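Readers should treat all values here as calculations from the given coordinates under stated rules, not as data from a laboratory. Because the structure is predicted, anything quoted here is derived from the model rather than measured. So basically every Cβ, Gly included, is an ideal-geometry build from the backbone, and we count neighbours across all protein chains shown.
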Amino acid sequence: MLRIAIGICSIIALALAAAVPDPVKPDPESPRPMAARDTVFMEDLTWMEIRDAMRAGKDTVIVATGGVEQNGPYLVTGKHNIILKATTEAIARKLGNTLVAPIVPFVPEGDIDPPSLHMKYPGTISVTEETYELLLTDICSSLRTHGFKRIMLIGDSGGNQAGMKKVAERLNQKWSGGKTTLHFVPEYYDFAQVTKWLEGEGIHQENEGLHDDFAMTAMMMAVDPESVRTSQRIQAGKFRINGVNLAPAEKTIEWGKKIIAFRTDVTVKAYKKSLGQ
């Protein structure tokens, strides 16, 4: 009798153990238990929310590269990453069928040892061109595996462009005829066009020799005013850049939003052209 009871308990224990899902390998078809959050950023979504968003038509993803580098005496080292939080969201929402992969913060910034370019300044983090291209390749390959049909590549810094172009060309050739295509959009980083547009709007700058300008400062202020040390600069009487007064801060923030919208329109137009639309 005792043996039977022990056997029954063992069966029950095994059944209960079998009912507990594997936390590392849950059922891919598990129903989402709650409403999805309204965000385009993949890192702010659960895997279920991403899955359901893709099934609802979000078949495009933005892979954006920023950087961590010296940006003059006023701007934080994560300048490009901060700006991309605003521009990628605006681009994704304008396209409508798009999510944003985690921003790639580490890019080539110069030789590491001995240091060159931005690597001569504390806080800069650099990777080799080989590492950069391999990282982008693995990111895009992961997104392809998950089923995204189109991958948009944009870089917010000049040194990011060549590597993104190479990766897009290489993977498009490798994946020719497949389900996923890459679209590198260099127009996103056309700051000559931004400067020309600003001049048409009455913003004229005088180069002060800093790794900074009105457009960058204004876009950063639209995301986080303290990323350009607004309060400290006001106190120190340094709330200007390239001869342009940044006060009142609210006005410069509005300019930042306008510049983000301008770059968004340029990027979306160029991207759609690459799709033949």
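Would you mind checking the pairs K79/K196; K120/K149; K166/K251; K166/K238; K58/K251 and listing those with alpha carbons more than 32 angstrom apart? Please list the in-between numbers first.
Details: K79/K196 22 Å; K120/K149 40 Å; K166/K251 39 Å; K166/K238 41 Å; K58/K251 35 Å.
Distance filter (> 32 Å) returns K120/K149; K166/K251; K166/K238; K58/K251.
Just to check I understand the Karplus step: with θ = phi - 60° and J = 6.51 cos²θ - 1.76 cosθ + 1.60, what whole-Hz values come out for region 172-177, glycine and proline as x?
Values per residue, Gly and Pro as x: 4, 5, 5, 9, 3, x Hz.
For the chain, what is the mean residue ellipticity at 222 nm derived from helices alone (per DSSP H run of n ≥ 4: -39500 (n - 2.57); sum divided by total residues; nearest 500 deg cm²/dmol)?
Working: 9 runs with 129 residues, N = 277.
Taking each H run of at least 4 residues, the total per residue is -15000 deg cm²/dmol.
From the backbone phi of region 124-133, what are the Karplus-calculated ³J(HN,Hα) couplings (6.51 cos²θ - 1.76 cosθ + 1.60, θ = phi - 60°) in whole Hz, Gly and Pro given as x?
With coefficients 6.51, -1.76 and 1.60, one gets 5, 10, 10, 10, 6, 4, 4, 4, 4, 5 Hz.
Could you rank the peptides 265-271, 155-161, 203-209 by their average count of other C-beta atoms within 10 Å per residue, with the highest value first? List each step's numbers first, then the result.
Values: 265-271: 18.6, 155-161: 20.4, 203-209: 11.1.
Averaged packing, sorted descending, gives the order 155-161, 265-271, 203-209.
Once phi is turned into θ = phi - 60°, what whole-Hz ³J(HN,Hα) does the Karplus curve with 6.51, -1.76 and 1.60 give for every residue of region 146-162, x standing for Gly and Pro?
For region 146-162, the Karplus curve yields 6, x, 5, 8, 10, 10, 9, 10, 9, x, 9, 9, x, x, 7, 5, 4 Hz.
Among L75, L136, L45, what is the fewest-to-most ranking by other Cβ atoms within 10 Å?
Numbers: L75 23, L136 26, L45 18.
Listing L75, L136, L45 from fewest to most nearby Cβ atoms yields L45, L75, L136.
Length gain on complete extension for the stretch A56 to L134, per 0.36 nm per residue less the alpha carbon to alpha carbon distance? Can you show the working numbers first?
Details: separation 78, 0.36 × 78 = 28.08 nm, distance 3.07 nm.
Taking 0.36 nm per residue and subtracting the Cα distance, the gain is 25.0 nm.
I'd like the distance between the alpha-carbon centres of region 248-263 and region 182-197, rounded to an integer number of Å.
First find each Cα centre; the distance between them is then 17 Å.
How much length is gained on full extension from K272 to H204, taking 0.36 nm per residue of separation minus their Cα-Cα distance? Walk me through the intermediate numbers first.
Working: separation 68, 0.36 × 68 = 24.48 nm, distance 3.11 nm.
Gain on extension, K272 to H204, equals 21.4 nm.
Explain nothing, just the number: relative contact order of the chain, from Cα pairs under 8 Å at least 6 residues apart, as a whole percent. It would help to have the intermediate numbers written out before the result.
Numbers: 391 pairs, mean separation 50.7, N = 277.
That works out to 18 percent.
Treat every Asp and Glu Cβ in region 103-204 as -1 and every Lys and Arg Cβ as +1, leave all other atoms uncharged, and give the resulting dipole magnitude about the Cα centre to the nearest 20 debye. Mind dumping the intermediate values first?
Numbers: 10 positive and 13 negative charges, 131 e Å.
In debye, rounded to 20, region 103-204 gives about 640.
Amide H neighbours of R240 under 5 Å, at least 5 residues apart or on other chains, H built in the peptide plane: list them.
Under 5 Å from the amide H of R240 lie the amide H atoms of L246, each far enough along the sequence or on another chain.
Roughly how many debye, to the nearest 20, is the charge dipole of the chain about its Cα centre, given +1 on each Lys and Arg Cβ, -1 on each Asp and Glu Cβ, and no other charges?
My answer is approximately 880 debye.
In whole Å, what are the Cα extents of the chain along the three principal axes, biggest one first?
93, 49, 44
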